[in-house]
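Written out below as C-alpha cells is the structure these notes cover.
Nothing in this text is a laboratory measurement; each read-out follows from the coordinates by a stated rule. The model shown is predicted, which means the values in this text are computed figures rather than measured ones. FYI the Cβ positions are ideal-geometry reconstructions off the backbone, even for glycines, and counts take in every protein chain you see.
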Amino acid sequence: MIELTSQTLDPEKFTSVVRRSTNGAIVTFLGTTRDNFEGKGVLTLEYEAFDEMAVKKLEEVRQELMAEFGLDDVAIGHRTGTVAIGEISLVVAVGSPHRKDGFYACHKAVDRIKEVVPIWKKEVYEDGSRWVACEDHEFTHEHEAALQAGDG
C-alpha cells in the first residue's frame, strides 16, 4: 500500500495492511513534526512532491524491501502540504516473520525514501523559512551491526 496525501495519516490503517498470521512482528515508523530544529522554533513543515514520480518511487522502495527481506507487504504513507507540530508526515509499516528483519527493513525504508523519493520539505520558522535537504539518511555500519546483533 502506498499513499501520498494532504490529509491526516492514520497509522492503524497502515499497520492493518501488513498484519498477517504469518508475521511475528509489525514494526512502524512515524515521522512527526517537532517544534524546533538547531535552536530555531519551527511553526510547521510544508511538503511538496512531484506526485506521480513520488508514488512510483515509493512503490519501488516498497518492492525493493519486500524482495530483500522476504516480506509479504510494506505500507507507506507520506503527507504533502502543511503539516503542523505533532502531526505525522511519514508512516512506514512493515510486517515481518521476525523482529530483527522488521526493524532493519523499516529503518532502510525511511533511509531509501529520503534518498530517492522526490518529496521536498520546507521548515517554517518563527523568523522565516528554508528548504531542507534530506541528508540525515546515512545508515552507518555501527547501526547495521547493532541491528544485526539484535541490539538496535
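Take the alpha-carbon centre of the range 41-55, take the same for the range 68-127, and report the distance between them in whole Å.
If we compute the Cα centre of each part, the gap is 13 Å.
Mean-square fluctuation check for the chain, GNM, Cα pairs under 10 Å: which of A105, A67, A54 is largest?
Taking springs between Cα atoms under 10 Å, the residue moving most is A67.
Please identify which residues in the range 112-126 have an amide N closer than 18 Å to a label point set 7 Å out from the Cα of K40, following the Cα→Cβ vector.
Taking a point 7 Å out along Cα→Cβ of K40, the residues of the range 112-126 whose backbone N falls under 18 Å are 120-126.
My understanding is that a pair violates if its Cα-Cα distance is over 24 Å; which of K56/K122; K13/K56; K40/K108; K13/K114 do that in this structure? Let's see the in-between values first.
Working: K56/K122 22 Å; K13/K56 20 Å; K40/K108 29 Å; K13/K114 22 Å.
Listed pairs above 24 Å: K40/K108.
Once the piece of chain linking K13 and V132 is laid out straight, how much longer is it, given 0.36 nm per residue of separation minus the C-alpha distance between them? Walk me through the numbers on the way to the answer.
Values: separation 119, 0.36 × 119 = 42.84 nm, distance 2.85 nm.
This chain segment gains 40.0 nm when fully extended.
Looking at F37, Y47, V92, which one has the Cα that reaches farthest to the positive end of the dipole of the range 2-148 (charges on Cβ: Lys, Arg +1; Asp, Glu -1)?
Farthest towards the positive pole: V92.
Could you check which residue among S96, S129, S21 shows the biggest mean-square fluctuation in a GNM of the chain with a 10 Å Cα cutoff?
For the chain, modelled as a Gaussian network with Cα springs under 10 Å, the answer is S21.
What ranking do E12, E126 get, fewest neighbouring Cβ atoms within 10 angstrom at the top?
On the way: E12 11, E126 8.
Final ranking by Cβ density, sparse to dense: E126, E12.
For every helix of n ≥ 4 consecutive DSSP H residues, a contribution of -39,500 (n - 2.57) applies; sum these over the chain, divide by its total residues, and give [θ] at 222 nm rounded to the nearest 500 deg cm²/dmol.
Working: 4 runs with 53 residues, N = 152.
After summing the helix terms and dividing by the residues of the chain, the value is -11000 deg cm²/dmol.
Quick check: residue separation of T32 and H98 times 0.36 nm, minus the Cα distance between them. What number comes out in nm? The partial results should precede the final answer.
Numbers: separation 66, 0.36 × 66 = 23.76 nm, distance 2.61 nm.
Length gained between T32 and H98: 21.2 nm.
GNM, the chain, Cα, under 10 Å: largest mean-square fluctuation among D73, D35, D111?
Comparing D73, D35, D111 in the GNM, the peak value goes to D35.
Can you work out the FRET efficiency for the pair M1 and I85, with r the C-beta to C-beta distance and R0 = 22 Å, to the nearest 0.05? Before the final figure, lay out each step's value.
Working: r = 27 Å, r/R0 = 1.21.
Taking R0 as 22 Å, the efficiency between M1 and I85 is 0.25.
Before anything else, pin down the relative contact order of the range 1-99: Cα pairs under 8 Å, at least 6 apart, normalised by residue count, whole percent.
Answer for the range 1-99 is 49 percent.
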